[in-house]
Each structure stands twice: as structure tokens, then as C-alpha cells.
Ligand code: SF4
């Protein structure tokens, strides 16, 4: 290690816990929670406290570039120069022959901000295509659109410190007890100290988060908007609304009021599968709150109507005036450690850096001028699933995949497999050989991992952390920043003469100047010496901004927040039918991360849930003579999964659950949940509908 003690941030979820790394007796590293860190105050969850095993075990690491000269040849070790010369030659020739949109980059919410910024500059500014998307498309793109439609920009209004200031929480479409554990621990501690704090959970499963709730609404998947509208109706009818805020600081209230007041509690009860009494009770708890916070994640976002679900939920904060003041606000939880950083640098195919819009010609020109290029293509890039469709159809010829494993994580795995087989050239830039995607690589590039490179990332509450380099990467692995710079230089692009990650960061910071997310006065020195900051940090010595909209001025043209009226109230996913009578919903388990390339190699993290299991309600199990431990075959239109059943009344009748983590290499492909998932996406956010696939279940 380069220093005896390094302060950094956890590389897993979007909570962004502070970690102190020290050297262990065997020259490896050990980790502990940073007691002075504002997020976790010394606490770490099971994944964070076992991070050192991932760092110390390099047995699965890609150590040098590997390349095959044709699909029929095996991969062989090559030098970095040979690897990147070939990448540049192949990308140039494909672009020359088929145009810039015949190539694409698929990156990750685990990329550091500097990497994210650089790859966007490379692709949108210099390769002249907007075909760059991130796996964050799969988890929070509906939340991005929801914030933009309601507040005018993609801006999370609140801070974790608001948790201890609130008295009412609505957790909907999220299981933070497992997926954002330290944030949830703060909520638990707050409730322990303040028993009057109320928690409502909306979820088809009785999760560990629901176990803490005063009220659990065990909803039928897909009916969230109907439920939020019924709650809105009750809030309005009982007068639990903030008339001053609505009048002075919002638009469209009348449309919203007319819509929700005309809804029926009885109909909502029937469609949502919760009682009228509970709907009214939830509304009364929210209506009486002094400080009301809604928390949500992929249960809302991963839906055919994910954007509408988001805006319908945000309307509850607007109608109660619970935004822009301490202990209140809507709070979308990001799954990945730097999903927020990706949003900031325009890491989605339809965005540009610093919240500029690709469909705005002025914004495009401003970004082009900043990068010193003539223009940026006005054509929206292909999103995550669209890129793989384009590879399958042959419209796209080459893809460069950085730090993500689409063979396991994208919906309809068979289609992804066909897409990668059909691609003319696949580059995979990753740390581990244990990725199902890496076997499709024509060029495999070894990347440095956590602690082996420096850079910044932003957590769910807009908090930017600096992550220093502490150890050398194994073999010939390079930081993603260096790989991208070397490739850009091979392509003979100007504008990539960076010598350090800090120089990339400085360029990005300059770009933020004068924007709503201005960090032009937040340099590496401040981050290293003073710790973490929440953006914006717009002035010299500025302490950062915990809370947005405290002046009740929003980022819309009128400076008012907007009540959005959903285009779809009822779910548009294919409904259960005689052939596929169950609704499959997918998600994470407590001790695993994504596709298990890191957590899957830590034996103590495999003890909690060692293999995938289908959660099924006892009534449904009884009808099919299924007992816990039986092997069941789950079938959808797209494929099959064979796993053990876990009969549990914690899941609603008619609904089954599978964890999303397992892939082919770790077990067999019949464990891979995304063999089953449907290919529907939200029409605006293009986020996949992972939470609603109709399936059949049979005992094996
Ligand atoms: Fe890491 Fe998230 Fe656990 Fe914190 S809560 S230690 S950021 S995985």
C-alpha cells in the first residue's frame, strides 16, 4: 500500500459509505467503516465489510490484454499497443464503412466520474455517435425522467441527514434493508429513538424493510399509480394538503385533483389488492406528517410505466408541500455507487454532460464548443437494450463493454447471447474473467479495480467522494481512464492529452460552471483534505448543498414544480393468462452484488443465500404440490429457469420472486433469471420491465 491508511468509499451500492483501508499482516488490505464519515458513521454492511477479500484475491483477474484475430481463433496474449492498435483499426474501418452509429459503448454505474466523462467525450464528441449507454439505464432512468418532468432537472432534493429530521417514511418499490443497508440502519436507529416515527412500505413481498413498517401495503405488482392516486384523493378530501405551496409553487394541480378525486377507493382496493382501510390509513399517516420522505428504487423504476409511477409518487410530495424543507422530500435510491455521477456527465444515450439535453441544439453546440469539436450528432443514441437489438439485427457491428456483464443483467439473456455472437467485434474491458460476457470478447482488456486507481463518484444524495489509489493493479491492468486515453490517442483524436485522472476531473468541473450542479470550486485538494461534498459547490470555500429547492424555486421555466398526469394509470405489461398465470418479479438479495463477479468469490457472502430460489406463496405452492426445496421449472415466453422453491407467505399470492444475480459460469444457465424476463421497456425512459414478467411454474 502507498499509505499506511487510506480513506475511500465503498464500491458497491449508492449509499456511498466511507471506508478506511489499512495493510494487513500478509501484505494485503483490510477494511473498516470510517467513524467520521457523514454517511455511515463507522457502520458497514456485509458486502462492505468483506470488500478486502475481493481486493486481496486476484485469482480471477484479467492480467494482460487478450485478443483473437478471428472468431475461429482462440484468444492470445498481446501487448497493450497491439490491442489498442487493433481496436482503433477495427472501429475506424467499421465507422468508415457503415457510419458512426454502427458502433456503441455500453458502460456502468460503477465507472468513476472521470471515466464516465471521458468515455462520453470520446463517443459523443469524437466518434460522432450517441450510442453510449450505461447499465444505470436498467435501474434508475425512470427516476431521472420523473425528476425532470416534475422539477425541471434531474435533481435529488434531499440528504441522508433528512432521515433523522423526518417523522414519516413511505418506502415503495425498494427493499433498503437488503439493498441500501446502512441507509436503512439509520432509519432503524431513528425509529428506535423516536417510536412515533411511522414507516409505510408498499411491496408485493414482506421484506425485511416491511418488517419494520407500521403499515405494509402488499400491493399487486404494477398497480402503484392507482394506489398513489387513491392516497392523493384521500389527502385532498381530508384537507391534508399544503394550499399555499400548491398555489404559489406548483402547476397543474387542478388536473391532478380532478383525476384523483374521480378515482374510487373501492376500485383501487380491488385492483391493488389492499384494503380501503389501509389505503386511507396510509394517506392519513402521510397527511399528518411533519416531515414526509418517500424512498424508492427499482420496484418503481423497472416498469413498463416506470416514469408515470415516478411522477405519480412525486405528486404526493407536491400535494403535501413536503419538498425543500428539512426532513422532507422525495428520495430515489441509486443502486450503483456512481449511478449519480453517470447522470451528471451525461452517461445516458439521450443526455449530454452537466444535465444538458441532446435534443436541444444550443446545448449540443455548447458541449461541442467546450470539447473543441464542430458538432454533436442530433440523433439520440441507442439505449442499453436497443444496442443489443441493433447488434442482433446487424445494424450495429461493434460494441465496447466496460465494467458490466450484460449476459446476466440484461433482460432476455438468449437474445443478448445472439447479439454478442452476431457482433463483428466485441471489446470487454473488465477486471474479472468470471463474467459471462467476457467469453464473447474478441478483445479483452484488463482494467484496474477499486483501490487500484483514483477518481470520484457521487452517491444517492449528490455527495461526491474522492477515491484514492492505494495499491497497484495486478499484471498489466490499467485504469479505465488510461485505457480510454490510449485508445483516443490511437484514433488520433485531439483533446485527450490528460496525464492524470485529476486533469480529467478539472476539465469536467469547468464544464459544470454556472450550471445547477456547479462544482467548479470543488477540487481534488478539497476532497482529499476536507472530505465529501454534496453538489452544487459553486463558490470558493462553499460547504456543499445538502438540500435543494429550499427557496421553493424549481428548475422549470416557471420555477414551479409540475403535477404530471400519467399517460397510463394501469400497467401496460402483458397480463397473466392461462398459459403464464404468475407474475415474476426479480431483485437483489442481501449479500450479493449484481452478477456476483465480486461477491460470488467471497465464501462468507455465499452463506446467507447460497443458491437462487423461487419464492412462492403457500397457496400457489399447494395447488401445484410444491414444497420448499423442490426443484421447479419456471417458464416464460422467452426461456426457462430451473431452481429450488422456497414456499413463503411473505410473497403475495399469484406473484413469484427470483434473485437476479446468478449467471451461467457460476452454476448453469438454468439459474439465470434473465432467461425469463420480458423485453418491454418504459416508452420514455427505456428502462426494462424487470418487475413484471408472466411465467408458468411446474414441479420438475
Ligand atoms: Fe457499501 Fe452500500 Fe453496504 Fe455501505 S450500504 S457498505 S455503500 S454496500
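Details
- Lone unmet requirement of (1) touching a residue at least 40 places away in the same chain (Cβ under 8 Å); (2) closer than 27 Å to residue 159 by Cα; (3) more than 10 Å from the ligand (Cβ to nearest atom) for residue 15: (3)
- Test: residue in region 30-43 that is assigned to a loop (DSSP other than H, G, I, E, B), closer than 21 Å to residue 431 by Cβ and either more than 7 Å from the ligand (Cβ to nearest atom) or touching a strand residue (DSSP E or B) at 6+ places or on another chain (Cβ under 6 Å) (or both): no
- Extreme residue, farthest from residue 461 (Cα to Cα), among residues of region 44-67 that are near the ligand (Cβ under 10 Å from one of its atoms) and outside any helix (DSSP H, G or I): 50
- Residues that are more than 16 Å from residue 566 (Cβ to Cβ) and in contact with a strand residue (DSSP E or B) (Cβ under 8 Å, 6 or more places away or on another chain), drawn from region 261-279: 274, 278, 279
- Qualifying residues in region 166-184 (those that are assigned to a helix (DSSP H, G or I) and closer than 28 Å to residue 655 by Cα) - the one nearest to the chain's Cα centre (by Cα): 179
- Qualifying residue in region 664-672 (condition: modelled with pLDDT of 95 or more and surrounded by fewer than 23 Cβ atoms within 10 Å (Cβ to Cβ)): no
- Comparison of 542, 608, 594 shows that the only residue that is within 16 Å of the ligand (Cβ to nearest atom), over 23 Å from the mean Cα position of the chain (by Cα) and assigned to a loop (DSSP other than H, G, I, E, B) is 608.
- Wholly enclosed helices (runs of 4 or more DSSP H) of region 202-260 bearing at least 1 residues more than 13 Å from residue 171 (Cβ to Cβ) and in contact with a strand residue (DSSP E or B) (Cβ under 9 Å, 6 or more places away or on another chain): 224-237, 243-249
- Checking each residue in region 68-103 for being assigned to a helix (DSSP H, G or I), without any contact (Cβ under 8 Å) to a residue 40 or more places away in the chain and surrounded by 16 or more Cβ atoms within 10 Å (Cβ to Cβ) picks out only 95.
The values are calculated or read from the model by the stated rules, or taken from the named source; none is laboratory data. Keep in mind that this is a model prediction, so the values were computed, not measured. A quick note on method: Cβ atoms are made from the backbone with ideal geometry, for glycine too, and the neighbour counts reach across all protein chains shown.
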